[in-house]
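The values are calculated or read from the model by the stated rules, or taken from the named source; none is laboratory data. On a predicted model such as this, the values are computed, not experimentally measured, just so you know. When we count neighbours, we look across all protein chains shown, and the Cβ atoms used for this are built from the backbone with ideal geometry, even at glycine.
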């Protein structure tokens, strides 16, 4: 099954779980991994991962976010897929749930968010680390363009411990189209 089909199946499951969401966002963006020393098999050269993937043919990350709340504090669920996670020979699926604190209803709504989830990275590259638990935090702004359609800009930090006895820190910057219900 192709990577995109795997993502669609995971997104469909998430949509079924949170069918009563008040905000649905489809987004794309880039991962920027921090410095991490990955140790390959014996005989290979050690590599430091620091460069973001900015080649549009190797797009960093895309996903779907569901937000459900009628108050300032609510739950946000995310499923995303990175076809070139950290290096170009690994892919990753991320799923997490966050608490999100959002400003009162206006045309422009800033928010902060933090939560936990899982990351599964596989492939042939050094970043194929398997399944890991991690934390994320960040914030952004959601602006109504023509209700119920809006634009969302988001910056997140991910912290994943236990990657070859280190902590993998990744910054994700994304832009999405949101639909409010």
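Kindly list, by first and then second residue, each pair from a residue in the range 75-89 that is within 16 Å of residue 154 (Cα to Cα) to a residue that is in a loop (DSSP other than H, G, I, E, B), limited to pairs with Cβ atoms under 6 Å and residues at least 6 apart or on different chains.
Listed pairs, sorted by first residue: 77/18.
Looking at residue 131 and the list (1) in a loop (DSSP other than H, G, I, E, B); (2) surrounded by fewer than 19 Cβ atoms within 10 Å (Cβ to Cβ), which single condition is not satisfied?
Only one criterion is unmet by residue 131, namely (1).
If you take the residues in the range 28-59 that are surrounded by 15 or more Cβ atoms within 10 Å (Cβ to Cβ) and over 22 Å from residue 164 (Cβ atoms), which one is modelled with the highest pLDDT?
29
Has the range 98-106 got any residue that is within 13 Å of the chain's Cα centre (by Cα), buried (at least 16 other Cβ atoms within 10 Å of the Cβ) and without any contact (Cβ under 8 Å) to a residue 60 or more places away in the chain?
There is at least one residue in the range 98-106 that is within 13 Å of the chain's Cα centre (by Cα), buried (at least 16 other Cβ atoms within 10 Å of the Cβ) and without any contact (Cβ under 8 Å) to a residue 60 or more places away in the chain.
Only one of 169, 142 is closer than 25 Å to residue 72 by Cβ and out of contact with any helix residue (DSSP H, G or I) (no Cβ under 6 Å at 6 or more places or on another chain). Can you tell me which?
Among 169, 142, only 142 is closer than 25 Å to residue 72 by Cβ and out of contact with any helix residue (DSSP H, G or I) (no Cβ under 6 Å at 6 or more places or on another chain).
Modelled with pLDDT of 85 or more and in contact with a helix residue (DSSP H, G or I) (Cβ under 6 Å, 6 or more places away or on another chain), is that true of residue 83?
Answer is yes for this residue.
Somewhere in the range 147-160, is a residue touching a residue at least 40 places away in the same chain (Cβ under 8 Å), at positive phi and either buried (at least 16 other Cβ atoms within 10 Å of the Cβ) or in a loop (DSSP other than H, G, I, E, B) (or both)?
Within the range 147-160, not a single residue is touching a residue at least 40 places away in the same chain (Cβ under 8 Å), at positive phi and either buried (at least 16 other Cβ atoms within 10 Å of the Cβ) or in a loop (DSSP other than H, G, I, E, B) (or both).
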